[in-house]
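The values are calculated or read from the model by the stated rules, or taken from the named source; none is laboratory data. The model shown is predicted, which means the values in this text are computed figures rather than measured ones. Cβ atoms come from the backbone with ideal geometry, glycine included; neighbour counts cover every protein chain shown. Remember, those area values only see protein heavy atoms, side chains included, never the ligands or the DNA or RNA. Shrake-Rupley method; radii C 1.70, N 1.55, O 1.52, S 1.80 Å.
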Amino acid sequence: MARLNRFGFLGVAVVFHLIYMYSIFDIYFVSPIVSGMRPFSVERPGDSQAPARRLVLFVGDGLRADKAFQSFPDPSPPDPNASGALEPRPLAPFLRSRVLEHGTFGVSHTRMPTESRPGHVALIAGLYEDVSAVTTGWKLNPVNFDSVFNRSRHTWSWGSPDILPMFKEGAVPGRVDAEVYGEEAEDYTQDATQLDTWVFDKVKEMFRAATENSTLDNALREDKNVFFLHLLGLDTTGHAYRPYSKEYLHNIKIVDQGVEEITKLAGEFFGDDRTAFVFTADHGMSDWGSHGDGHPDNTRTPLIAWGSGIAKPVISGAAKAPGHDDGFSADWGLDHIQRHDVAQADVAALMAYVAGLEFPVNSVGELPLAYIAGDQKEKAEAAFVNAQGIMEMYRVKEEQKRSTELRYRPYAPLGDKVHSVEHRVAGIRDLIKAEKYEDAIRKSQDLLDLGLQGLRYLQTYDWLFLRTLVTAGYLGWIAFAVTTVIDLHVLHGKTETSRHISTITVFSALSVVLFSILWVQKSPVTYYAYAAFPLIFWEEVVARRGALVAGKNELLGKPKSKDETIALVVGALAFAGLLEALVLSYFNREVYTICFLLAASWPAFYGHEFYIHNKILIATWAVACILMSTFTLLPVVKVEDTNVILIGGFLMLLVGVLYLLFEKSIMSSSASGSEGLSSITDGLSRIILGVQIGLILLAMVITRSSVSSLQSKRGLPLGNQVTGWIVLITSLSIPFLHSLQPNNHYIHRLVIIFLTFSPVFIILTISYEGLFYFVFCGTLLTWVRLEHHIYTFTTAQQPSPPSPTPSPKPLGRAISAVSSQLSSPDGGSQYRALRLSDARIALFFFFLLQSAFFSTGNIASISSFSLDSVYRLIPVFDPFSQAALLILKLLIPFAVMSANLGILNRRLGVAPSSLFMVVMAISDVLTMNFFWMVRDEGSWLDIGTSISHFCIASLLCVFVAGLEFMSEVFVSGVDVGREHGGKTMKTEKESLLNGHGGVKTNGVAVGR
């Protein structure tokens, strides 16, 4: 590989991390879908009927199990002042009556990702899609696998345009009817109960139409029909108001009333008591109104089944019936009713059995026998058919794996004749013929478990190989990045690569062997990428090993004294300790509080003399760290608070006003001559700053109005929505007008950037995020100044060349210069070489980067982002646009950070890309930690959290690469050469050095 320039390194970093981020889905979450299986169903004599003639499925989208069964004061009483209005009561009395008298209930445990598409697929098809399939949940994508709907004679469905069409298009043509409302109906600012009442009304209309339409009437009365009611109101209300709100609880009442009406209507229409009913949910809802991860609030949903073929409730005379041991249902008032929990995919098996359908061929659900009303023979037959379906899937998957492996190793418990599938199946048949039904049920369940374990074995067959490749790739990237940094920014590209016949032969042989194995095994194309990266990286590291040796000598120098060696070891341990602390911070945000409090005292390590000359700066840094330490102690679950939003906006406004008033005095100390002062006092620049300040004020006014309107349920006024978009777009565009009269001082540029993003942060905040933005920007500016003062102080005895001052490039023309800047070589001697102490600066930047994400209240979860703020701009459900706004809000602190690090690069005299490259080299220590922590077993919380951690860590690495580009745009042409009353950097060093000494090791003061 030729020596990379900045642009090449950036491109490799982005491509590598995006490809390797996908590796967890190739390793841990391979799609379970296979084809070629034959379907199974319970075979009955000609005069025998299925348990039910038809099935009605209600799915309360986003309904948590606890909220469905708990008691609350009536959220919408006819008379709020009536006696007993505040008395807790069940909000779903009809569904509760099914539990108490008519059917069986439990908790259905969903899997991560807890989103609508995978949840409905598990319920209706009985399988768990790979996690990446959630991205197809908001499009018209046919479900390319079997389902209960596809096995029915006919399915009628009503509900959301985001769910129903994909099942209709994925089934046999004409088998599924789907009636949906318009996408504009999914308006978060309106009463979402209308979505559910629309569904109930449409069902009633169909039954009324059947009384006048004999064709429809005959079709409805056929057996093996399914009716699916998708009730989205709860999900929409939960997003908008949270699942503990009166609105959400009121929606539960509406759903319960609708279910009662449809149940009675079906009974009256069919008049044969041969209808089975299932009520459940696709996922739950977190307390902050979101879902997606594996938190128990998102994975626990209600399951209630009643009607034909469903077992009656089992009432226990004991204080607590079986199933309630976990304490989750302690406050439901149902402790005397046996609770039967299931996995979400089990519901598909239950529905197929009850309606007399063939089991979906991709289903991995275990038929919950506790819900079945049949005798032991019926249960034995059903359990046997269920197990046969699982083993058929195992047979097909094993044949596929065997056909591609060089040396296939069969699953041991099913790998010989004595334990073969055929032998076990024959044994169960014999038990059923001998009327040993209990034994047959037990053997069928054992066979089903073995089948699932066998499927698991086949699913994880390539794990060791792939994880080894990916680990080698990450280690290779770290080694390659470190080598590149040393080569470009420590040695300035003076070393030459050294390739020998022996090393070329070794890596060539490894490549041939590895790619031949992948070819023979018909591996996916991504496997080739996982194999190629470690080979490329490690070959390059070996070829440039001379740079590593020379870099070690340059950075560590000659043999050190004992004290210096101890200091170096302690520093290395502290470096590693902070990286591991960042890993821990993904589980406990309070780690940042501790780190910031420790960082407040960090300047003390540079001695008394440094403190004397920088009292105000050190005090400012300490205050900033203390303030930053408080944000990770604040609650993650935020409630919309207009007062806090406006306080944050006022502080942003105050910064702009004070800067506008005192701009001349701030800038004049660093201006060089009359030309600089003319630029400073230019009226046009001040007018543009005034407009930016005015946009902050307008954002505060419009946000207050929008929040008031939304909270009072009046919807979002069109004028507010339009004005909000105008403010957002204008605030991001107006900074380019500064190019008409540029002021290139770095403080002026940072103020422009701060004011640019302030209106956006006000519009998209719901609580203390605005306060964080104000404190965070102040912390970054203080950090940049403090690092520069430390560098000046510690290098005073050996002055380095001042940072080169680029030709002025106003912000408006900065982008055009970025490509040439990024693709240029390092620049050689015009920049100073990196020192060992610069690794600490990169680590501080990485710490602040992580803090920018977690301090705003986000936790390491993909469901931790509130949609409240985006309703002020997009009130109707539009997931990709809404996600784009959330990402914009997340990226703003990163953008500000990139500008500050870019300025710090210039103030320290290092190459523009050098510190970014160091950060990219060390960041994958976190990524590797989380890669090995990814789980696909255990609690759904653990699974979801592990995926979220890895993805966030990987994306932060990609963000760092993107920040390189942002930095060039933001700081292009910035002047950092003078400050402190016109003294040059060298003069400042001399003033600090005057009368002061100190022991310095590689640029770091260790004491006097």
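The residues on offer are VAL636, VAL583, and the sole one that is touching a Ser or Thr at 6+ places or on another chain (Cβ under 8 Å) and either within 27 Å of SER948 (Cβ to Cβ) or of a type in the set (Phe, Trp, Tyr) (or both) is VAL636. Exactly one residue out of LEU597, LEU510, LEU579 is open to solvent by less than 80 Å² (accessible area, probe 1.4 Å) and in contact (Cβ under 8 Å) with a residue 24 or more places away in the chain, and it is LEU579. Scanning the stretch 13-63 for residues that are open to solvent by 10 Å² or more (accessible area, probe 1.4 Å), in contact with a strand residue (DSSP E or B) (Cβ under 8 Å, 6 or more places away or on another chain) and among the charged types (D, E, K, R) returns a single hit, ARG53. Among the residues of the stretch 414-459, those identified as open to solvent by 40 Å² or more (accessible area, probe 1.4 Å), within 13 Å of TYR394 (Cα to Cα) and not aliphatic (A, V, I, L, M) are GLY415, GLU422, ASP449, GLN453, ARG456, TYR457, GLN459.
The lone criterion from (1) open to solvent by 40 Å² or more (accessible area, probe 1.4 Å); (2) of a type in the set (Asp, Glu); (3) within 26 Å of TYR353 (Cα to Cα) left unmet by ASP146 is number (1).
What are the residues in the stretch 30-49 that are touching a Phe, Trp or Tyr at 6+ places or on another chain (Cβ under 6 Å) and at pLDDT 85 or above, if any?
So in the stretch 30-49, the residues touching a Phe, Trp or Tyr at 6+ places or on another chain (Cβ under 6 Å) come out as 33, 40.
Residue satisfying the conditions is PHE40 alone.
Annotation note: Cβ proximity below 7 Å between a residue of the stretch 607-620 that is within 13 Å of ARG785 (Cα to Cα) and open to solvent by 50 Å² or more (accessible area, probe 1.4 Å) and a residue that is part of a helix (DSSP H, G or I) and not aliphatic (A, V, I, L, M) (sequence gap 6+ or interchain) occurs for THR620/THR782. When the stretch 393-413 is limited to residues that are touching a Phe, Trp or Tyr at 6+ places or on another chain (Cβ under 7 Å) and in a helix (DSSP H, G or I), the one that is most open to solvent (accessible area, probe 1.4 Å) turns out to be ARG402.
Across the stretch 929-956, the number of residues qualifying as at pLDDT 70 or above and either open to solvent by less than 10 Å² (accessible area, probe 1.4 Å) or under 15 Å from the mean Cα position of the chain (by Cα) (or both) comes to 15. Set side by side, the residues GLY812, GLY857 differ, and just one is of a type outside the set (Phe, Trp, Tyr), at pLDDT 50 or above and touching a Pro at 6+ places or on another chain (Cβ under 9 Å), which is GLY857. Within the stretch 491-504, does at least one residue satisfy the condition of being assigned to a helix (DSSP H, G or I) and surrounded by 18 or more Cβ atoms within 10 Å (Cβ to Cβ)? Looking through the stretch 491-504, none of the residues is assigned to a helix (DSSP H, G or I) and surrounded by 18 or more Cβ atoms within 10 Å (Cβ to Cβ).
Pairs meeting the criteria (first residue in the stretch 669-696 and of a type outside the set (Phe, Trp, Tyr) and assigned to a loop (DSSP other than H, G, I, E, B), second residue modelled with pLDDT of 55 or more and surrounded by 15 or more Cβ atoms within 10 Å (Cβ to Cβ), beta carbons under 7 Å, at least 6 apart or on different chains) are SER670/HIS745; ASP682/GLN741.
Filtering the stretch 623-634 for residues that are open to solvent by 20 Å² or more (accessible area, probe 1.4 Å), within 30 Å of PRO243 (Cα to Cα) and touching a residue at least 40 places away in the same chain (Cβ under 8 Å) leaves a non-empty set. Taken together, GLY317, GLY374 contain a single residue that is open to solvent by 20 Å² or more (accessible area, probe 1.4 Å), modelled with pLDDT under 90, in contact with an Asp or Glu (Cβ under 9 Å, 6 or more places away or on another chain) and small (Gly, Ala, Ser), which is GLY374. Would you confirm whether any residue within the stretch 650-659 is on the phi < 0 side of the Ramachandran plot and either in contact with a strand residue (DSSP E or B) (Cβ under 7 Å, 6 or more places away or on another chain) or part of a loop (DSSP other than H, G, I, E, B) (or both)? No, the stretch 650-659 contains no residue that is on the phi < 0 side of the Ramachandran plot and either in contact with a strand residue (DSSP E or B) (Cβ under 7 Å, 6 or more places away or on another chain) or part of a loop (DSSP other than H, G, I, E, B) (or both). The set of residues in the stretch 526-564 that are of a type in the set (Gly, Ala, Ser), closer than 17 Å to ALA479 by Cβ and modelled with pLDDT under 90 comprises GLY546, ALA547, ALA550, GLY551.
Condition check: modelled with pLDDT under 85, surrounded by fewer than 19 Cβ atoms within 10 Å (Cβ to Cβ), aliphatic (A, V, I, L, M) and within 30 Å of SER851 (Cα to Cα). Does VAL639 satisfy that? Walk me through how you get there before you give the answer.
Values: modelled with pLDDT under 85: yes; surrounded by fewer than 19 Cβ atoms within 10 Å (Cβ to Cβ): yes; aliphatic (A, V, I, L, M): yes; within 30 Å of SER851 (Cα to Cα): yes.
In short, yes.
Restricting attention to the stretch 189-238, the residues that are part of a helix (DSSP H, G or I), among the charged types (D, E, K, R) and touching a residue at least 40 places away in the same chain (Cβ under 8 Å) total 4.
Within the stretch 64-79, the set of residues being in a loop (DSSP other than H, G, I, E, B) and crowded, with 16+ Cβ neighbours inside 10 Å comprises ARG64, GLN70, ASP74.
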